[in-house]
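Take a look at the structure below.
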């Protein structure tokens, strides 16, 4: 009998990684001198950072000391495992108390990133080259859209010379942890410690796990930033200068950027990586800091086909872009849906999905699946590759898809629920999949985004998770669309694009 398997494999306690075969470049528009202020937003020089997929040669050599190559089947097994690790992280995070979360304030200026993907730790794991300090020191950071704190493995000596006289400034972990490539804070003239007696430490930074104990007001403001899965970063808050390159060949400094100087990190999974770039929705994330102009706060990205060559370029723009998207030309008109921030969605990007149809027939999925107040709801997450549906939706979806594809020979291929022989198949024959949002908005991805190629077979790019939990629209389903997230107006726009 034709059917699908239910691959509910055990979920590792580690947090997950992003997985793309591309990398992205980042641009930010700044209000500079008088001449630049008179320019149109699309004419302003943009800040550019390089963000790379974990299979990019530079990342491979940094992490493993060599270049590695995985076949499509092994890659998708890797994706499946890490997607479920990430899903567990998201689920746990969203079930925590959200009453004291701080939503991002209105911000602006576009930043465009060149993204790539992951490692074996963190809720979101693209890699970015990051320059911090004066003079700049270069590091490789994991891009994490699920956390707000940007931190680096760091070495900071509180006392130079007579340390006995400054015992209260001495770190609990000093001389105990030696990182291979730390940020040398004492070598930077722009490194400014935040003190534990400051209003900033006693107020806003409590949301970033600042330790409230402050016996001496001039002591550093210390954090103990915990990650689901057991990892924790302990260190000092500081303001620093981040250096970014502009598209006109010049450079720009982002002064007084909040960073964490991490002196202790207790997870071996981060070996080879220098820290985390926090791009969550919080007011003190790097996404918010980098998005500062009059256009309003948010970000955009455009993801190319996941099967593209490693060096293919996609776009990730921090800050709400101008009407004419920079370097990314949508093929169709931009369509907008509501963006739900904070509350039960915590740091993630909630959307009002209310149904799914196949070939024009709406699936009979229980409404509670889409209702965040009843244990359901949906998020857009570029850090998850495959899309995830809770069991009541997944079972109905799979039954309908299998009926449409039953003319093709089914092939069992772990960890996918349903695969088939691609002989005599073309994407023109695929069932037409549509996602229905509030106010009649419809998202229709191309077939290659939900029927994915795995070596010599084709598989449905969805996986099942238990209910109650949150449905996830992953990055493969989002590919070849420009997505714009507007924090200020709480909207998400999307339009088909070649992402070039």
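Here is a yes/no grid of residues against (1) in the same structural domain as residue 281 (by TED's automatic domain parsing); (2) touching a strand residue (DSSP E or B) at 6+ places or on another chain (Cβ under 8 Å); (3) within 28 Å of residue 300 (Cβ to Cβ):
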position: 359; (1), (2), (3): no, no, no
position: 381; (1), (2), (3): no, yes, yes
position: 400; (1), (2), (3): no, yes, no
position: 407; (1), (2), (3): no, no, no
* To do: Determine the pairs where a residue that is touching a residue at least 40 places away in the same chain (Cβ under 8 Å), located within the stretch 198-210, has a partner that is crowded, with 22+ Cβ neighbours inside 10 Å and in a helix (DSSP H, G or I) with Cβ atoms under 9 Å apart, the partner being 6 or more residues away or on another chain.
  => none
* Given the structure, is residue 347 under 18 Å from the mean Cα position of the chain (by Cα), under 23 Å from residue 430 (Cα atoms) and either modelled with pLDDT under 95 or part of a helix (DSSP H, G or I) (or both)? -> no
* Does any residue of the stretch 450-457 turn out to be in contact with a strand residue (DSSP E or B) (Cβ under 6 Å, 6 or more places away or on another chain), loosely packed, with under 14 Cβ neighbours inside 10 Å, over 22 Å from residue 86 (Cβ atoms) and at pLDDT 90 or above? -> no
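Which fully enclosed strands (runs of 3 or more DSSP E) of the stretch 418-469 have 3 or more residues being in contact with a helix residue (DSSP H, G or I) (Cβ under 8 Å, 6 or more places away or on another chain)?
On the way: elements: 419-421, 433-437, 451-454, 457-460, 462-465.
Correct list: 451-454, 462-465.
The values are calculated or read from the model by the stated rules, or taken from the named source; none is laboratory data. Being a predicted model, the structure only gives us computed values, none of them experimental. Neighbour counts run over all protein chains shown; Cβ positions are idealised from the backbone, glycine included.
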